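Below: one structure, written as structure tokens.
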Amino acid sequence: MADAEERPNRLHQLLFGAISMAGPRIQRRVLRSYFDLWHLRPDPWSVTVDPYERAKYAATLEQVPGTEYRAILDMGCSEGAFTLLAANAFPEAATVGADISARALRRAREQAARTGSGARFIRMDFMTGDAGGPYDLIFVGEVLYYLGNMSVVADRLRGLLEPGGHLILTHSRPQARLLHTQFDGHKGFTSVSNTDGDHEGRFFNVAVYERV
């Protein structure tokens with residue numbers, strides 16, 4: 001069952017890795033169209049109602065090594081479900097959710113307004129867009145499948161983090177092991193923790209890194 005669920009993620013990584021080789025402009029156009037299409041309907045991955053997703057979000061927040069942060073970025077925030085949880089967990093921080101889909105961000109802003117959250121949402125292309133910052137805590141969940149070369153991605157994330165800041169990667173297993181371990185040898189990061197989790201036979205991994 002887990003292997004069957006993981007196949008689409010492996011295919012995504014192969015397909016979008018090939019697209020990334022066509023250059024940033026083409027990659028940006030494809031990703032915008034792809035994710036806007038997914039968000040024709042609200043909550044396309046059922047993250048607000050799926051117990052597995054809620055368990056994964058809770059486990060991700062449990063692995064945050066610090067208690068005080070100044071600026072938080074949720075990269076690939078979709079409709080902001082996790083962003084709002086992070087903003088609530090760290091109310092003193094300025095929390096930003098970033099995504100490439102205009103439809104997703106419209107719903108994220110509406111939800112933030114309904115709940116009175118101070119989280120802010122911006123539209124950006126991960127590899128070339130202006131994410132503001134720097135940040136001292138960055139979350140990247142279920143996004144790396146789409147971005148291509150992990151060494152280039154790691155360089156980009158390092159540039160967004162303050163020295164001593166924390167990067168938290170959360171992806172489904174077993175693909176998470178391949179994605180996350182590629183950060184282990186990066187000169188800009190040191191591993192803080194690596195934790196497996198599951199909910200009713202569905203598995204994920206949370207990897208925490210610190211910018212050195």
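The values are calculated or read from the model by the stated rules, or taken from the named source; none is laboratory data. The structure displayed is predicted, hence computed values, not measured ones. Quick reminder, even Gly has a Cβ in these numbers, built from the backbone with ideal geometry, and neighbours come from all protein chains shown. Calculation scope for accessible area: heavy atoms of the full protein, side chains included, ligands and nucleic acids excluded. Shrake-Rupley method; radii C 1.70, N 1.55, O 1.52, S 1.80 Å.
Per-structure values
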{"quantity": "Flag if Val64 is closer than 24 Å to Val206 by Cα, touching a Ser or Thr at 6+ places or on another chain (Cβ under 8 Å), modelled with pLDDT of 85 or more and assigned to a loop (DSSP other than H, G, I, E, B)", "calculated": "no"}
{"quantity": "Residue match in the range 161-168 (condition: touching a Gly at 6+ places or on another chain (Cβ under 7 Å) and at pLDDT 90 or above)", "calculated": "yes"}
{"quantity": "Unique match (being in contact with a helix residue (DSSP H, G or I) (Cβ under 8 Å, 6 or more places away or on another chain), more than 24 Å from Arg28 (Cα to Cα), in a strand (DSSP E or B) and hydroxyl-bearing (Ser, Thr, Tyr)) among Thr170, Thr195, Thr190", "calculated": "Thr195"}
{"quantity": "Check on Ser151, within 13 Å of the chain's Cα centre (by Cα) and either open to solvent by less than 30 Å² (accessible area, probe 1.4 Å) or of a type in the set (Gly, Ala, Ser) (or both)", "calculated": "no"}
{"quantity": "Flag for Phe139 being crowded, with 22+ Cβ neighbours inside 10 Å, touching a residue at least 40 places away in the same chain (Cβ under 8 Å), under 16 Å from Ile100 (Cα atoms) and in contact with a Gly (Cβ under 8 Å, 6 or more places away or on another chain)", "calculated": "no"}
{"quantity": "Considering residues of the range 44-58 that are part of a loop (DSSP other than H, G, I, E, B) and of a type outside the set (A, V, I, L, M, F, W, C) only, the residue farthest from the chain's Cα centre (by Cα)", "calculated": "Asp50"}
{"quantity": "Filter pass, Ala102 being in contact with a Lys or Arg (Cβ under 7 Å, 6 or more places away or on another chain) and either at positive phi or surrounded by fewer than 20 Cβ atoms within 10 Å (Cβ to Cβ) (or both)", "calculated": "yes"}
{"quantity": "Residue count, the range 161-212 (criterion: buried (at least 19 other Cβ atoms within 10 Å of the Cβ) and either hydrophobic (A, V, I, L, M, F, W, C) or touching a Cys at 6+ places or on another chain (Cβ under 8 Å) (or both))", "calculated": "12"}
{"quantity": "Sole exception among (1) within 20 Å of Glu162 (Cβ to Cβ); (2) open to solvent by 20 Å² or more (accessible area, probe 1.4 Å) for Met124, by number", "calculated": "(2)"}
{"quantity": "Filter result (surrounded by fewer than 24 Cβ atoms within 10 Å (Cβ to Cβ) and either in contact with a Gly (Cβ under 7 Å, 6 or more places away or on another chain) or closer than 19 Å to Ala131 by Cα (or both)) within the range 85-95", "calculated": "Ala87, Ala93, Ala94"}
{"quantity": "Residue in the range 15-35 that is modelled with pLDDT under 90, open to solvent by 30 Å² or more (accessible area, probe 1.4 Å), assigned to a loop (DSSP other than H, G, I, E, B) and not hydroxyl-bearing (Ser, Thr, Tyr) present", "calculated": "yes"}
